[in-house]
Amino acid sequence: VNAVAGRADGRIVVIGAGVIGAAIARWLAAAGGTVVVLEAGAFADGASGANMGQLSLTDREPAVHLDLARESLEQLRGETEDIGFRADGGSIALTDPAQVEPMRELVRRQRARGLEVKLLEPEEVRSVEPHLNPAAVFGLAYCPHEGQVDPLALTGLYLRQAEASGAVVHWRTPVTEWVVASGRVMAAVTPAGAFRADVFVLATGAWTREVAGRAGVDVPIGYHRGAVVVTQPVPPAIRGPVVGGGFLTPSFISRDHVEVGLLQRVNGSVLIGQSTRHVEGYDCGLVPGEIASMVRNFLRFFPVLDRVDAIRAWAGVTPFTSDRLAVFGFCRNPRNLFIAAAFKGAFSVAPAVGRHAAEAIARGRAAPEFAPFSPARFGV
Ligand SMILES: Cc1cc2nc3c(=O)[nH]c(=O)nc-3n(C[C@H](O)[C@H](O)[C@H](O)COP(=O)(O)OP(=O)(O)OC[C@H]3O[C@@H](n4cnc5c(N)ncnc54)[C@H](O)[C@@H]3O)c2cc1C
């Protein structure tokens, strides 16, 4: 996983400096590309600065998605810098009886793909999470290879690696317009001027629909707002990330909800997610009572932590598509516009997405296994 097959000759503009844009810039610059990164805001202003850093495997489908997550873990294991990386297990808690059968099926499929994952009955959950309240769950899918990473450390590392290979990052430089001619993007226009390139990569997360729309590309990427509460550091109480199985029931994503999603950082603080709301205008505000309902929900799962102080909360907007699959590949028109957005929980896959995007750009097209993620499925 240490090299890009082929050279990324030419000039490439990457738009968005979240973890996906940073990973792509890093691999493109290492593969010989002349890389410029344009970021509308400051460091980690988007979802990459708001998330919890959970790394998952069990929920990754189709097979290519699981492969990306496995390759990413391998890349992260090889990083020599301290990025708060741990991969000693993680769980999906079934919070509704309707999740049990879909999870049984998911576990069966993932085991057939060689993933080590098992479905525990409520009375068995304490073998992997000693303080988890068995009465709060209808089962627990446990994978010993899941884990966590410090999201700011990883995003920052990739940007520094990109710069060390010659990439130039422009902060507070939003792309406001495009120059498009003869089916190609000629330039990305910003208040600091126009940036010309051979290939343009959109790694703009929740903003992708709006930014692509200005180039005449309507890619239906929606977004919702997620919120997180952080507590004071406490002695070890939660072994691995524990997230809810809500994604197993189709209607779940379309409504506002508070779902279990938590992990204990290496320094002892507990991150309590996740309150999801459908918002307009990238609104990252918290609503009254929201923190209390997140904490109350958390305490159903880990009642032992009822004396812990919550010290801060924040929110971010994160993208999704109607079929829950990412958008990854060149558009048909303009044909030199490459989109890499809407990967569910992108930290689990960003390291590998960076490498495969660089390869696809070097080759001029994404590899066939990425067909499920192709922008072509949306007619763009
Ligand atoms: C509360 C919360 C918790 C989460 N927890 C997890 C988790 O535990 N694990 C996990 O893997 N994922 C988690 N996620 C999801 C994860 O954060 C995202 O999948 C990931 O950060 C997406 O990365 P990105 O680089 O695609 O997008 P972003 O990090 O959002 O980056 C996109 C960038 O594009 C920039 N941009 C936008 N418009 C323009 C423009 N016109 N010109 C230039 N730049 C522009 C933005 O400023 C932004 O910096 C969570 C998300 C939230 C909100």
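Which pairs have Cβ atoms under 8 Å, sit 6 or more apart or on different chains, and link a residue in the range 196-221 that is free of Cβ contacts under 8 Å to residues at least 40 places away in the same chain to one that is among the aliphatic types (A, V, I, L, M) and near the ligand (Cβ under 7 Å from one of its atoms)?
Within 8 Å, the pairs are Arg214/Val175.
Can you tell me which residue is surrounded by the most Cβ atoms within 10 Å (Cβ to Cβ) among those in the range 147-170 that are away from the ligand (no atom under 11 Å from the Cβ) and among the polar types (S, T, N, Q)?
Gln161
Out of the range 1-31, which residues are closer than 13 Å to Gln161 by Cα and of a type outside the set (A, V, I, L, M, F, W, C)?
Gly21, Arg26
Could you please give the count of residues in the range 252-276 that are farther than 22 Å from Ala136 by Cβ and among the small types (Gly, Ala, Ser)?
So the answer is 2.
Could you tell me whether any residue of the range 223-232 is within 11 Å of the ligand (Cβ to nearest atom), in contact with a Cys (Cβ under 7 Å, 6 or more places away or on another chain) and under 26 Å from Met294 (Cβ atoms)?
yes
Tell me, which strands (runs of 3 or more DSSP E) wholly within the range 143-232 include 1 or more residues that are at pLDDT 95 or above and within 17 Å of Val14 (Cα to Cα)?
Filter on the range 143-232 gives 168-170, 177-181, 184-190, 193-196, 199-202.
In the range 50-67, what residues are within 12 Å of the ligand (Cβ to nearest atom) and either more than 27 Å from Glu210 (Cβ to Cβ) or not in a loop (DSSP other than H, G, I, E, B) (or both)?
Within the range 50-67, Gln54, Leu55, Ser56, Leu57, Asp59, Arg60 qualify.
Can you say whether Val279 is more than 20 Å from Ala136 (Cβ to Cβ), surrounded by fewer than 21 Cβ atoms within 10 Å (Cβ to Cβ) and hydrophobic (A, V, I, L, M, F, W, C), as far as the supplied structure shows?
Judged against the criteria, Val279 is a match.
Out of the range 14-49, which residues are surrounded by 24 or more Cβ atoms within 10 Å (Cβ to Cβ) and assigned to a strand (DSSP E or B)?
Correct list: Val14, Ile15, Val35, Val37, Leu38.
The values are calculated or read from the model by the stated rules, or taken from the named source; none is laboratory data. Here the structure is a predicted model, which is why all the values come from computation and not from measurement. Positions of Cβ are backbone-derived with ideal geometry, glycine not excepted, and every protein chain shown enters the neighbour counts.
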